[in-house]
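Report on the following structure.
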């Protein structure tokens, strides 16, 4: 009786609400795109994708890894997370028809080929995670059209060419992971204009240039906490201006071809915790201020040309930080 009374009230006061619940359908554009993706991904995903509607149909739940939300009279796909299921083949271009996506996570698969330039259509995307695949070719400049992007994970692939300066067009970008690829050339100094960038990792590539070139723009990298330049071909010295990056906590310069002395001003970066200088061609002494720094836990110095008596700080181990530690 109570149920009938409540239903009568609902029909009387809010018939449009009930109609929306009953008749709300998934946008045809998204249904078509997900079914095209389903046809291209293989059995490991398909077995869990049951029914014609990726957002769920009747008694059928939404497809695994698919998150939908209601917009007006329709449901749209807002998140697609299909990772660690050994997807083989090219990047599914149909993904770029899911125009309401805010998160796309295809990491730890076996995707090959390039990222299609149509990726620039996903204007609402905030998180793009493609790490641990076999993607290759250049990063399309259209990725600079993703103005809401905050997290970009492209590490552990086979990307080549230069890092596109169009990445500097992403005003919300906080975390940029490009390590373990085949990038060459110089890091575009335009990245320094990203006001929210906290983490930049370009380690294990074929990059050249100097730190001076990277930080040549006044007021660059104002929010940067972690800078990973390790295992590349950087030359030159450490410029004193690097101390202007006052939020820096991790500076990882290991395994490059850098030389010169260590500027004392670097020891006055107030939040510095980890400093990795090993396996370069640095000379001279380490300024005493480093040994008095209140927060410096690790200073790794082996494999250089320092004078006798120069001592490291802390336990000598390679710093390993997982990508997902910063996914917030």
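The values are calculated or read from the model by the stated rules, or taken from the named source; none is laboratory data. Predicted model, so just to flag it, every value in this text is computed and none were measured. Here the Cβ positions follow ideal geometry from the backbone for every residue, glycine too, while neighbour counts run over all protein chains shown.
Some points to look at:
- Of the residues making up the stretch 261-279, those that are crowded, with 16+ Cβ neighbours inside 10 Å, in contact with a strand residue (DSSP E or B) (Cβ under 7 Å, 6 or more places away or on another chain) and farther than 21 Å from residue 198 by Cα are 262, 278.
- Scanning the stretch 77-96 for residues that are touching a helix residue (DSSP H, G or I) at 6+ places or on another chain (Cβ under 6 Å) and in a strand (DSSP E or B) turns up just one, 77.
- Checking the stretch 38-60 against the condition returns a match, with at least one residue being out of contact with any helix residue (DSSP H, G or I) (no Cβ under 8 Å at 6 or more places or on another chain), in a helix (DSSP H, G or I) and surrounded by 13 or more Cβ atoms within 10 Å (Cβ to Cβ).
- Extreme residue, nearest to residue 157 (Cα to Cα), among residues of the stretch 168-224 that are touching a helix residue (DSSP H, G or I) at 6+ places or on another chain (Cβ under 6 Å) and assigned to a strand (DSSP E or B): 177
- Number of the exception - residue 136 against (1) in a loop (DSSP other than H, G, I, E, B); (2) surrounded by fewer than 22 Cβ atoms within 10 Å (Cβ to Cβ): (1)
- Qualifying residues in the stretch 293-315 (those that are under 27 Å from residue 225 (Cβ atoms) and surrounded by fewer than 11 Cβ atoms within 10 Å (Cβ to Cβ)) - the one nearest to the chain's Cα centre (by Cα): 315
- Filter pass, residue 72 being without any contact (Cβ under 8 Å) to a residue 40 or more places away in the chain and farther than 25 Å from residue 201 by Cα: yes
- Residue within the stretch 151-159 that is within 23 Å of residue 30 (Cβ to Cβ), in a strand (DSSP E or B), touching a strand residue (DSSP E or B) at 6+ places or on another chain (Cβ under 7 Å) and touching a residue at least 60 places away in the same chain (Cβ under 8 Å) present: yes
- Considering residues of the stretch 103-117 that are in a loop (DSSP other than H, G, I, E, B) and in contact with a strand residue (DSSP E or B) (Cβ under 6 Å, 6 or more places away or on another chain) only, the residue surrounded by the most Cβ atoms within 10 Å (Cβ to Cβ): 107
- Residue in the stretch 118-127 that is in a strand (DSSP E or B) and in contact with a strand residue (DSSP E or B) (Cβ under 6 Å, 6 or more places away or on another chain) present: yes
- Beta carbons closer than 7 Å, at least 6 apart along the sequence or on distinct chains, pair a first residue in the stretch 254-279 that is closer than 22 Å to residue 315 by Cβ with a second that is part of a helix (DSSP H, G or I) and at pLDDT 95 or above for 266/242; 266/243; 267/289; 267/290; 269/243.
- Flag for residue 282 being more than 23 Å from the chain's Cα centre (by Cα) and either at pLDDT below 95 or surrounded by 21 or more Cβ atoms within 10 Å (Cβ to Cβ) (or both): yes
- Screening the stretch 250-260 for residues that are crowded, with 18+ Cβ neighbours inside 10 Å and touching a strand residue (DSSP E or B) at 6+ places or on another chain (Cβ under 7 Å) and picking the one that is nearest to residue 207 (Cα to Cα) gives 256.
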